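First the structure, in the form of structure tokens, and then the observations on it.
Rule-based calculations on the coordinates, nothing more; no lab input. Please read all numbers here as calculations on a predicted model, not as lab measurements. Note: ideal-geometry Cβ built from the backbone for every residue, glycine included; neighbour counts use all protein chains shown.
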Number of protein chains: 2
Amino acid sequence: MEKTRSLKLKPIGTIHSPYKHRREAPYQGNRSEDISQIELFKEFEEGLKDIEGFSHIIVIYWFHESQGYSLLVKTPWDDTLHGLFTTRSPYRPSPLGLTVAELIDRQKNILTVKGLDALDGTPLLDIKPYVVPIDEKAGVKAGWFEGKLGKSRG
Amino acid sequence: MEKTRSLKLKPIGTIHSPYKHRREAPYQGNRSEDISQIELFKEFEEGLKDIEGFSHIIVIYWFHESQGYSLLVKTPWDDTLHGLFTTRSPYRPSPLGLTVAELIDRQKNILTVKGLDALDGTPLLDIKPYVVPIDEKAGVKAGWFEGKLGKSRG
């Protein structure tokens, strides 16, 4: 469909994090206890109503420092080339980042979260509630990832 | 940052589903046993290498039929107004859809999945592997969602 050839997004906020450069960011947010702040632009603050009741949120953001991509990539976990869509590499055709972060605090339009691995200044695109019956699955097999990460849940 | 004021995305494929109109789509994909097909554009096929080893994938797509949004919304689950970012409403400032779908089969650039609630013709933006230590969390509290959905996983 021609109308969807190029899709335009506008950020709804900015992520403030301890990671100024990619080399400082953890490979996966759940390995980190670091604290970040999500600043929603004021115009969207009302959309956070009652978010305090949620312990975890799905944060979608723009990999603003990631230019280009390869369809086969090496990851920090082994020396094998993996299909890009079986990895969480930030270098993707659609540079969309996704992390389930722990919500620690909210003050008006500012959310304090733990476990978000986005770089400082990252444009925020969306926040969704993390809900177990929707987002967790049973009997998961994770291909080449199996055994590469700890089994404990974060 | 001015450079991130408007962000452009290009779809990497198209979702083919049984849902021709929004009224036919389930509220949440995990409630459905319906089968959809994800057609990755041929140029991205190499990025699917070894995806067969994964039982579940995170599918990110564009809510192409959703225009506009409200910051306070009613959901199918109750009669209360909820903050938009505590809901999975398709009407969002960044119209990004997210579903964890079960991967049933792959034939070249076509993935057959179960539990994807996207409309037929939905532009595909990204596929990420669903990995338990990264994407599942312990001690989840889901605010107003609590008790609204079944507790069973799947």
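Please label the shape of region A:13-71 as rounded, prolate or oblate, based on the square roots a ≥ b ≥ c of the eigenvalues of the alpha-carbon gyration tensor (a/c under 1.5 means rounded; beyond that, a/b larger than b/c means prolate, else oblate). Judged from the Cα gyration tensor, region A:13-71 comes out prolate (a/c at least 1.5, a/b above b/c).
Legend: calculated FRET efficiency, B:Leu72 to B:Ala138, from the Cβ-Cβ distance at R0 = 22 Å, rounded to 0.05, equals 0.10. Using the Stokes-Einstein relation with a Kirkwood hydrodynamic radius computed over Cα pairs, the translational diffusion coefficient of chain B at 25 °C and a viscosity of 0.890 mPa s comes to 146 µm²/s.
Placing a label point 7 Å from the Cα of A:Pro18 along the Cα-to-Cβ direction, the distances to the matching points in the other copies come to 4.9 nm, shortest first. The distance from the alpha carbon centre of region B:67-142 to that of region A:60-103 is 19 Å, rounded to a whole number. Sorted largest first, the spans of the alpha carbon positions of region B:32-106 along the three principal axes are 44, 25, 17 Å. For the protein assembly as shown, the mean residue ellipticity at 222 nm estimated from helices alone is -500 deg cm²/dmol, where every DSSP H run of n ≥ 4 contributes -39500 (n - 2.57) and the total is divided by all residues, rounded to the nearest 500. Peptide A:40-50 has a mean shielding of 5, counted as Cβ atoms of other protein chains within 10 Å of each residue's Cβ.
Shortest first, A:Ile35 label-point distances to identical copies amount to 5.1 nm, with the label point at 7 Å from Cα along Cα→Cβ.
Sorted from shortest to longest, the distances between the A:Ser6 label points of this copy and the other copies are 0.9 nm, with each point 7 Å from Cα along the line through the beta carbon. Charge dipole of the protein assembly as shown (Cα centre as origin; +1 on each Lys and Arg Cβ, -1 on each Asp and Glu Cβ, all else neutral): 280 debye, rounded to the nearest 20. Here's the picture: charge each Lys and Arg Cβ at +1 and each Asp and Glu Cβ at -1 in the protein assembly as shown, and of B:Ile35, B:His64, A:Phe54 the one pushed furthest to the positive end of that dipole is B:His64.
Relative to the Cα centre, the charge distribution of region B:11-154, modelled as +1 at Lys and Arg Cβ and -1 at Asp and Glu Cβ, gives a dipole magnitude of about 460 debye.
Taking 22 Å as R0, compute the FRET efficiency from the Cβ-Cβ separation of B:Asp50 and B:Lys114 and round it to 0.05. Working from the Cβ atoms, E equals 0.65. Which of A:Leu103, A:Leu81, A:Leu124 moves the most in a Gaussian network model of chain A with Cα springs under 10 Å? Among A:Leu103, A:Leu81, A:Leu124, the largest mean-square fluctuation in the Gaussian network model of chain A belongs to A:Leu81. Pairs of Cα atoms in the protein assembly as shown fall into 20 Å distance bins, from 0 up to the last occupied one, in shares of 35, 63, 3 percent. Considering only A:Lys49, A:Lys137, A:Lys128, the Gaussian network model of chain A with Cα springs below 10 Å gives its largest mean-square fluctuation to A:Lys137. Couplings for region B:41-49, taken from phi via the Karplus curve 6.51 cos²θ - 1.76 cosθ + 1.60 with θ = phi - 60°, read 4, 3, 5, 9, 4, 4, x, 8, 3 Hz in order; Gly and Pro are left as x. For chain A, set up a GNM with springs between Cα atoms under 10 Å and report which of A:Thr112, A:Thr14, A:Thr80 has the largest fluctuation. Of A:Thr112, A:Thr14, A:Thr80, the Gaussian network model singles out A:Thr80 as fluctuating most.
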